[in-house]
Every structure is written in C-alpha cells, then in structure tokens.
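Following: one structure in structure tokens, then a few remarks.
The values are calculated or read from the model by the stated rules, or taken from the named source; none is laboratory data. What you see is a predicted model, and the numbers here were worked out from it, not measured in a lab. As a convention, Cβ positions derive from the backbone with ideal geometry for all residues, glycine included, and neighbour counts pool all protein chains shown.
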Amino acid sequence: MANFQTDSRIVLTLDAGGTNMVFAAMQGGKFIIDPITLPSNANNLDLCLDTMVIGFGSVINKLKETPVAISFAFPGPADYPNGIIGGYLPNFPSFRDGVALGPFLEDKFGIPVFINNDGDLFAYGEALGGMLPETNARLAAAGSEKRYHNLIGYTFGTGFGIGTVINGELNRGDNSCVETFCLPHSKINGVIVEEGVAVRAVKRVYGELSGNPDHGLEPKDICEIADGTREGDREAAAKAFNEMGEVAGNAMATAVTLIDGLIVIGGGITAARKYIMPGLFKSLRSKLHTLSGEDVNRVQMNVYDLDNEEEFAAFARGDSRRIKVYSSDREVTYDPQKRIGVAISKMGASTAISVGAYTFALDQMDKSSRQ
C-alpha cells in the first residue's frame, strides 16, 4: 500500500469505551482535530447509536475536507467484515443480540465503514508504522541481511488481546475470531490464560502473596510498591508482575511457534516491564521433554529482547557465514540461526490502534478501486 504517512485522505476514528466515546479524524497517520468526547450510553442501544451519529457528525463539521471512510476498533466479539457487533460484550450490553453497526453508519454518512478488533488494529499499526519497520531498519543499519515480515501483537490491559499480521496482511481469520484469552492458564489447571494476564491478575496475585486480598490497589500502585516508592510488600508486588509475565510468555510460545514472527507488546501495564519481562522470557526460553528424556526448546527459534542493546546486537549478528556451492567456486551466505525478537511498543497501544484503523481503511479502499 501507499505510504500512509503522506496520504492526504481523511478517515474518521473512534475510541469506543464503555464509559466514553472519543471521536477524531486522521490524515497522513496523524490526528488533525481536537478529539470530541461523549458519554457512551452503552446500556441503551438507541442512545448509544445516536451518540455515534452526533460524534461523527461533529467531527465532520470541524473538517475542511470530506472524509473518505470511518474506521475504528470495537471491544468484543463481532462479524467484523460485515460490521455486525454482537455476543458477550460486558462494556456494551445493548449490543448483545447483534447490531449491524457498520451498515447503520454507512447509511447515515454515505461512506465506507470498517470495524475491527482492537488487538488486530494494534498489530496492524505496529506492522506498518511501528515495531516491524523499526526493527528492519535497525537490522539494515547494523549491516544484517535478515528481514522480518510477520508480527504478533499483544495488548496487556483489562484483557489479553492478540493480533497477527502475515506478509503485511492483517489476519482476521475465517470467523473474525483470532483470540488468545481462552488459551489455558499455565499455572492453574482448567482456567483461561486471561485470568493470569490482565489487570485483575496482577491485583489478585499481589493480594494472595501479600496476605491482603482486599488491598484496593491498581497495577500502577503495585508497580510503585515494587519500586519501593510506595508502602507495601515489595517482594509480593514484583512476583505478581513476574507471574503475569510467565503466564503470558507461555501463551506467546504457542502463538509464535505457529506464526514465526516478531512479538510486540502494548498496554499500560508494560510500564512494569522490568518485573514482567524476566518471567516472560523465562517461559519463551524454557524447555520441554520427550518421553525418552530428550530436552526440546519450547520455542524452536532463539528468542531475543530487542529492547536490550546487547541482545539486539546478537540478534542482528546471528550466525552468518559463507559456504561453498557444491562442485563450484561460488560461495553463498548461510545463517542457520532461527531467531525472533520481542519488544515493548514505542508507539503505545492507543496510537498503534489508531494508525492501524487508518491504514486498514485506506488499504481496503485501494483494493476495492483496483478490482
């Protein structure tokens, strides 16, 4: 697709939360107006849809040019290609029985509407304008010939979200149901992994380890305790984040084994990266065993921390060598080391999701025009 950073087309965006909705517009991958915030009215379908019409209409009134599309993320299950939201939506209970949101907005504004999962758009934004191109640029600067084309994006927050981009294309699956929250928890049998990788997990584990389950603290507070800048059980605080990392890393090991690409992580909890990442890398670098007793790496690639300069240097260097072509004087470059890297988002989840929404709309419109 064309460079989204120089694209002159305007796309309307929405940050849809259960309490508030934030409406804006993007051009060239950047917001061009002050956002408009309105209460979501998520419990009342009529009011909620009216809010969307008012919000997008207010943005249009601020623009000097006509927008070409609406594109945004919506929390929860959906038939995203057809713009239908429905199913279990704790933050938007009025959508439970199925709402043709995309077609409704298309009828109101007369422009294409694209709706996606927030984890998908996070990964797409990072693949086109964030971690993936940044890593390839760093590899080029280091003189490495290695380049990456696949990306797995994870969001740590109230849930455990995932998105995958393969060769520049967002993988939405055949059922708009690429999910990670329902994988098994590696430490609690029969429980979903999201119970170990979310805001509630850090709070629960800190409460259990500190002996104070009714502490009323948020992850930010618990991180401050781990740092020693707030009163509390420092060891329990650090262990709560470390366990989250271990559980997340186990789920990531399954995904990266199947996708084979870089991993980027976003979300506010990543502010506690120094406590989360050791456990995460411990899981990704762990071993399993065959019945004959042979050790097998949990992930078949070497796993590098791309936010660590020494590890990135080793990642870029690999094990490149020159080998001779049989029955010839010619030599070719051979690097037998399989490797992937993990990094924290530099864009931030919110920006990456917005960039993902913007670029997805432009890409879909460009594909339609070529057909």
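Side notes on the structure shown:
- Selection status of G267, of a type outside the set (F, W, Y), closer than 29 Å to K338 by Cβ, out of contact with any Asp or Glu (no Cβ under 6 Å at 6 or more places or on another chain) and modelled with pLDDT under 95: yes
Conditions tested, residue by residue: (1) in the same structural domain as T158 (by TED's automatic domain parsing); (2) in contact with a helix residue (DSSP H, G or I) (Cβ under 9 Å, 6 or more places away or on another chain); (3) without any contact (Cβ under 8 Å) to a residue 24 or more places away in the chain.
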site	(1), (2), (3)
V22	no, yes, yes
F31	no, yes, no
P35	no, yes, yes
V59	no, no, no
T66	no, yes, no
S94	no, yes, no
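- The set of residues in segment 227-272 being among the charged types (D, E, K, R) and closer than 16 Å to F160 by Cβ consists of E243, E246.
- Residues that are surrounded by fewer than 18 Cβ atoms within 10 Å (Cβ to Cβ), out of contact with any His (no Cβ under 8 Å at 6 or more places or on another chain), on the phi > 0 side of the Ramachandran plot and modelled with pLDDT of 95 or more do occur in segment 91-111.
- Filter result for N189 (within 28 Å of A343 (Cα to Cα) and assigned by TED's automatic domain parsing to the domain that holds T254): no
- Among the conditions (1) farther than 22 Å from L139 by Cα; (2) of a type outside the set (S, T, Y); (3) under 20 Å from the mean Cα position of the chain (by Cα), the only one that K282 does not satisfy is (3).
- Single match in V202, V165, V178, V197 (criterion: among the aliphatic types (A, V, I, L, M), under 27 Å from A352 (Cβ atoms), touching a Phe, Trp or Tyr at 6+ places or on another chain (Cβ under 9 Å) and in a loop (DSSP other than H, G, I, E, B)): V197
- Counting only strands (runs of 3 or more DSSP E) that fall entirely inside segment 283-358 and contain at least 2 residues that are surrounded by fewer than 14 Cβ atoms within 10 Å (Cβ to Cβ), the qualifying elements are 287-289, 295-297, 321-324, 331-334.
- All positions within segment 179-196 that are without any contact (Cβ under 8 Å) to a residue 40 or more places away in the chain and closer than 16 Å to A253 by Cα: E179, F181, C182, P184, I192, E194
- Considering each residue of segment 3-14 in turn, at least one proves to be closer than 19 Å to A361 by Cα, among the β-branched types (V, I, T) and in contact with a helix residue (DSSP H, G or I) (Cβ under 8 Å, 6 or more places away or on another chain).
- Residue in segment 48-57 that is under 27 Å from D97 (Cβ atoms) and among the aromatic types (F, W, Y) present: yes
- Of all residues in segment 124-150, those that are modelled with pLDDT under 95, under 26 Å from F360 (Cβ atoms) and not in a helix (DSSP H, G or I) total 0.
- Search result, residues across segment 33-46 that are more than 23 Å from S354 (Cβ to Cβ) and surrounded by fewer than 15 Cβ atoms within 10 Å (Cβ to Cβ): N43, N44, D46
- Condition met for R172 (modelled with pLDDT under 95 and outside any strand (DSSP E or B)): yes
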